[in-house]
1. Can you list the HN-Hα couplings for region 63-75, worked out from phi with the Karplus curve (6.51, -1.76, 1.60; θ = phi - 60°), rounded to whole Hz and with x for Gly and Pro?
2. Please express the Cα-Cα pair-distance distribution P(r) of the chain as a list of whole percents, one per 10 Å bin, running from 0 to the bin with the greatest distance.
3. Quick check: the angle from helix 14-25's long axis to the longest principal axis of the chain, C-alpha only, nearest 10 degrees?
4. Rounded to whole Hz and in sequence order, give me ³J(HN,Hα) for region 108-120 from the Karplus expression 6.51 cos²θ - 1.76 cosθ + 1.60, θ = phi - 60°, writing x for Gly and Pro.
5. Can you compute 3J(HN,Hα) from phi for each residue in region 50-61, using the Karplus curve 6.51 cos²θ - 1.76 cosθ + 1.60 with θ = phi - 60°, rounded to whole Hz and x for Gly and Pro?
6. As a test, work out the antiparallel percent of DSSP beta bridges whose residues both lie in the chain, rounded to the nearest 5.
7. For the chain, what is the calculated [θ] at 222 nm in deg cm²/dmol (nearest 500), taking -39500 (n - 2.57) for each run of four or more DSSP H residues and dividing by its residue count?
8. What nm value, rounded to one decimal, do you get for the distance between Gln49 and Ser121 when each label is placed 7 Å out toward the C-beta?
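The numbers here are math on the coordinates, done by the rules we state, and not lab data. Nothing here was measured: the structure is a model prediction, and the numbers come from that model. With ideal geometry, Cβ positions are generated from the backbone for all residues, glycine too; neighbour counts draw on all protein chains shown.
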Amino acid sequence: MNKIEHIGIAIKDMQQACRTYEKLLGTACYKTEPVESEGVSTAFFKVGQNKIELLASTREDSAIAKFLEKKGEGIHHIAFDVEDIYAEMERLRGEGFTLLNAEPKKGADNKLICFVHPKDSNGVLVELCQEIR
Ligand code: CMX
């Protein structure tokens, strides 16, 4: 894996959270994007080479709605940039990790993504992401 690409933070109110993170990071959100398939809206901030992704639920049955209900706001996942997501998924399968999608899917910010179950990585939801070239 190349680097941490972004950290995903589950939030309840996108407008309020954007204002807070703009103040905190001293930079404006550079992109907002809904991801229909995941039932979320996203907002991205650049921090050096890395990014922060704010995630708000747009559907009652979304993974973020469930997370907020159970754990409240906070860090939801860590995403790692990978060169070849298919090869990395194959490698992780071989190492015994449970992948939450059989094939990469289209995520926010022009990425192919795949999630690894948090039970297999010490309670941390891991996302693999590869830039769509
Ligand atoms: N980080 C760490 N642990 C988490 C977690 C997270 N983000 N989400 C759930 N868990 C834990 C729960 O606390 C629970 O633990 P316990 O068994 O100890 O109580 C366990 O995982 C099972 O959780 P659950 O609430 O029963 O939820 P589900 O099994 O229905 O789903 C998960 C959990 C991770 C499999 C599901 O959320 C998923 O498939 N996530 C991947 C997709 C996703 O998160 N999409 C939103 C982001 C989209 C984007 O970035 O664009």
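1. Once θ is set to phi - 60°, the couplings for region 63-75 become 4, 6, 4, 5, 4, 4, 5, 7, 10, x, 5, x, 5 Hz.
2. Cα pair-distance distribution for the chain, in percent: 12, 45, 35, 8, 0.
3. 90
4. After applying 6.51 cos²θ - 1.76 cosθ + 1.60, I find 6, 6, 6, 10, 8, 10, 8, 9, 10, 4, x, 5, 8 Hz.
5. For region 50-61, the Karplus curve yields 10, 9, 10, 10, 8, 10, 10, 7, 10, 9, 4, 9 Hz.
6. 75
7. -7000 deg cm²/dmol
8. Label at Gln49, label at Ser121, 1.8 nm between them.
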